[in-house]
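Okay, structure first, notes after.
Nothing in this text is a laboratory measurement; each read-out follows from the coordinates by a stated rule. No experiment lies behind these values; they were computed from the predicted model shown. Ideal geometry is used to build each Cβ from the backbone, glycine not excepted, and the neighbour counts take in all protein chains shown.
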């Protein structure tokens, strides 16, 4: 999987500026894919160069011009081919787990677990805030596109909840936290 397909997926719903795509990463896409603003803009350039996306320049008074990107026919075809490919579910690469496995310094391990727990709790708070703000209605009343976006967010919420539960177990087992 590459960033290319994440961006083409975002553009398949509507035309967006680079800034709007980075906001999508902050609100939705970041639940399952991380990309910096620089990576997004670099990938948009590649998509345009490869004919998978196009853009129109929107002139703005008193502001820099902006590019509004759209997925092209070739981009839709590439995305459709990718949709049909089997989805690989690979192993997770997690440096914390490597350190837990190999580091015999209990203080170091416990400090890493505590930091991870803090970051998980912060992300969980952010995700729950997004759910309240953007998904107040019952799921049964959401349009299909919104249900799909909601489910990606729920995945993030549930993943963070599981990670917090894991850190609490690790703290009990390794760090003697009760």
Next item on the list: Could you tell me how many degrees, from 0 to 90 and to the nearest 10, lie between the Cα long axis of helix 106-134 and the main elongation axis, the longest principal axis, of the Cα atoms of the chain?
Entry: 40
Note to self: Taking the beta-carbon count within 10 Å as an exposure proxy, list 7, 130 from fewest neighbours to most.
What the structure shows: 130, 7
Next item on the list: Take the Cβ-Cβ distance between residue 98 and residue 126 as r, set R0 to 30 Å, and report the resulting FRET efficiency rounded to the nearest 0.05.
Entry: 0.70
Next item on the list: Take every Cα pair under 8 Å in the chain that's 6+ residues apart, average their separations, divide by the length, and report that relative contact order as a whole percent.
Entry: 22
Item checked: Residue among 154, 128, 115 with the largest mean-square fluctuation in a Gaussian network model of the chain, springs linking Cα atoms under 10 Å -> 115
Check: Expressed as an acute angle from 0 to 90° and rounded to the nearest 10, what is the orientation of the C-alpha long axis of helix 18-27 relative to the principal long axis of the chain?
Finding: 30
Next item on the list: For each of 22, 108, count neighbouring Cβ atoms within 10 Å of the residue's Cβ, then give the residues from fewest to most.
Entry: 108, 22
Notebook entry, point to check: Taking N as the number of residues in the chain, what is its alpha-carbon radius of gyration divided by 2.2 N^0.38 Å?
Noted result: 1.27
Checklist line | Choice from 145, 33, 166 with maximal GNM fluctuation in the chain (Cα, 10 Å cutoff) | finding: 145
Notebook entry, point to check: Rounded to the nearest 0.05, what FRET efficiency do residue 68 and residue 134 have when you use their Cβ-Cβ distance and R0 = 25 Å?
Noted result: 0.65
Margin query: Give me 135, 155 sorted ascending by neighbouring Cβ count inside 10 Å, so fewest comes first.
Written below: 155, 135
Item checked: Cα long-axis angle, helix 3-13 against the chain (0 to 90 degrees, to the nearest 10) -> 60
Check: Most fluctuating residue of 140, 15, 54 in a GNM of the chain with Cα springs under 10 Å: which is it?
Finding: 140
Next item on the list: Calculate, axis by axis, the spread of Cα positions in region 95-174 along the three principal axes, and write the results as whole Å, longest axis first.
Entry: 51, 18, 17
Item checked: Whole-number D in µm²/s for region 3-84 (Stokes-Einstein; Kirkwood sum over Cα pairs; 4 °C, 1.567 mPa s) -> 101
Checklist line | Gap separating the Cα centres of region 1-70 and region 107-151, nearest whole Å | finding: 23
